[in-house]
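The values are calculated or read from the model by the stated rules, or taken from the named source; none is laboratory data. Computed from a predicted model, the values in this text were never measured in an experiment. FYI the Cβ positions are ideal-geometry reconstructions off the backbone, even for glycines, and counts take in every protein chain you see. With ligands, DNA and RNA removed, areas are computed over all heavy atoms of the protein, side chains included. Shrake-Rupley method; radii C 1.70, N 1.55, O 1.52, S 1.80 Å.
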Amino acid sequence: MLDFVQQLVSGIALGCVYGLIALGFVLVYKATEVVNFAQGDLMMLGGFFAFTFIGMLGLNYWLGFAGAVIAMAAFGMLAERVVVRPILGYPQFSIIMATIGLGYFLRSVVGMIWGTDDFKIDTPFSDGVLRIGSLVLAYDKLSVIAATVILCALLYLFFNRTTLGTAMRASSENMLAAYYMGIPVKRVVSIVWAISAAVATAAGVLLAPITFIHSNVGLVLGLKAFPAAVLGGFGSIPGAVVGGVLIGVIESMAGFYLPQGWKDVAPYIVLLVVLLLKPEGLFGIHTRKKV
């Protein structure tokens, strides 16, 4: 039973990271109907920014965290302005290839600047444990879960209690109608990309105590986060987080209880089963038309 609880907590913590990356996928898609396949690499770049601020420059953990988030928010706006906005309106395939190319570019630049070694960020939670009887839970995993809950609550309040958040929701529902109502759609889209990059950076910093960061970690986790977004229902913000947690828990349990090799396969099997039974995802809106 203790092993089950420990694997459950580990799976939820890892799933929270998947969920935050998936949240970035969903935010960009809802605002622009663009699938940003560089989302995982934005997370990776944010992790390296945090490592630079905290591990190399010696800044306080929280200052380094905030600095990385702000830097990546600015980079997200720049990426939208330079890479995506000039080709909006072109076939979706062109935009998808542009984001894939952006991911390759970011991995190459990170490899040239920081190298290909693995890095780890020391956090205030790295060494502590919570003991409940015989149960031992690491603070770093609990901190990931707590931070994800807080971040999701802040995003909920932002999107539902602020004027800018309301404008973003209006633009995601109908961009043309929002434009006619006087909403600065281009600026809103840039801010969505900034939020997406900032959330990805938070995921990268939270990931650092659990595993190492390296130039290819964004590609690996992006391939886990994208199915999480699909599982939750692509376009559903709560679904992205729930899908990420489910993927993380399934992966953790499969790695512990099933034979070797099932850890990486089991989440995709569950994804296929869910999509066969509920093609729109767990929280998606059913849109199939009757013929």
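Every residue in region 214-267 that is of a type in the set (S, T, N, Q), open to solvent by 50 Å² or more (accessible area, probe 1.4 Å) and under 22 Å from Val144 (Cα atoms), please.
So in region 214-267, the residues of a type in the set (S, T, N, Q) come out as 215-216, 236, 252, 260.
Applying the additional criterion that residues be open to solvent by 50 Å² or more (accessible area, probe 1.4 Å) yields 216, 260.
The answer is Asn216, and nothing else.
Taken as a whole, the condition of being of a type in the set (S, T, N, Q), modelled with pLDDT of 85 or more and either within 24 Å of Val245 (Cβ to Cβ) or open to solvent by less than 50 Å² (accessible area, probe 1.4 Å) (or both) applies to Thr148. Go through region 24-51 and give me each residue that's crowded, with 24+ Cβ neighbours inside 10 Å and in contact with a strand residue (DSSP E or B) (Cβ under 6 Å, 6 or more places away or on another chain). Hit for region 24-51 is Gly47, nothing else.
Scanning region 204-219 for residues that are modelled with pLDDT of 85 or more and either under 17 Å from Pro267 (Cβ atoms) or of a type in the set (S, T, N, Q) (or both) yields Ser215, Asn216, Leu219.
Screening Ile183, Ile210 for residues that are within 30 Å of Gly89 (Cα to Cα), not in a helix (DSSP H, G or I) and not charged (D, E, K, R) leaves exactly one candidate, Ile183.
If only residues of region 67-100 that are free of Cβ contacts under 8 Å to residues at least 12 places away in the same chain and not hydrophobic (A, V, I, L, M, F, W, C) are counted, the one that is nearest to Asn36 (Cα to Cα) is Ser94.
Please work out if Leu151 is under 18 Å from the mean Cα position of the chain (by Cα) and part of a helix (DSSP H, G or I). Considered against the rule, which asks whether it is under 18 Å from the mean Cα position of the chain (by Cα) and part of a helix (DSSP H, G or I), Leu151 comes out as yes.
Taking the listed residues Ile21, Ile100, Ile95, Ile54, the one that is more than 21 Å from Ile150 (Cα to Cα) and either open to solvent by less than 20 Å² (accessible area, probe 1.4 Å) or not in a helix (DSSP H, G or I) (or both) is Ile95, with no other qualifying. A single entry from Gly222, Gly255, Gly235 fulfils the requirement of being in a loop (DSSP other than H, G, I, E, B) and of a type outside the set (Asp, Glu): Gly235. For beta carbons closer than 7 Å, sequence separation of 6+ or different chains, a first residue in region 234-250 that is on the phi > 0 side of the Ramachandran plot and a second that is open to solvent by 40 Å² or more (accessible area, probe 1.4 Å), the qualifying pairs are Gly235/Tyr29; Gly235/Lys30.
Checking each residue in region 173-201 for being over 18 Å from Phe159 (Cα atoms) and either crowded, with 19+ Cβ neighbours inside 10 Å or in contact (Cβ under 8 Å) with a residue 12 or more places away in the chain (or both) picks out only Thr201. Return yes or no: is Val9 at pLDDT below 90 and either acidic (Asp, Glu) or in contact with a strand residue (DSSP E or B) (Cβ under 6 Å, 6 or more places away or on another chain) (or both)? Judged against the criteria, Val9 is a match.
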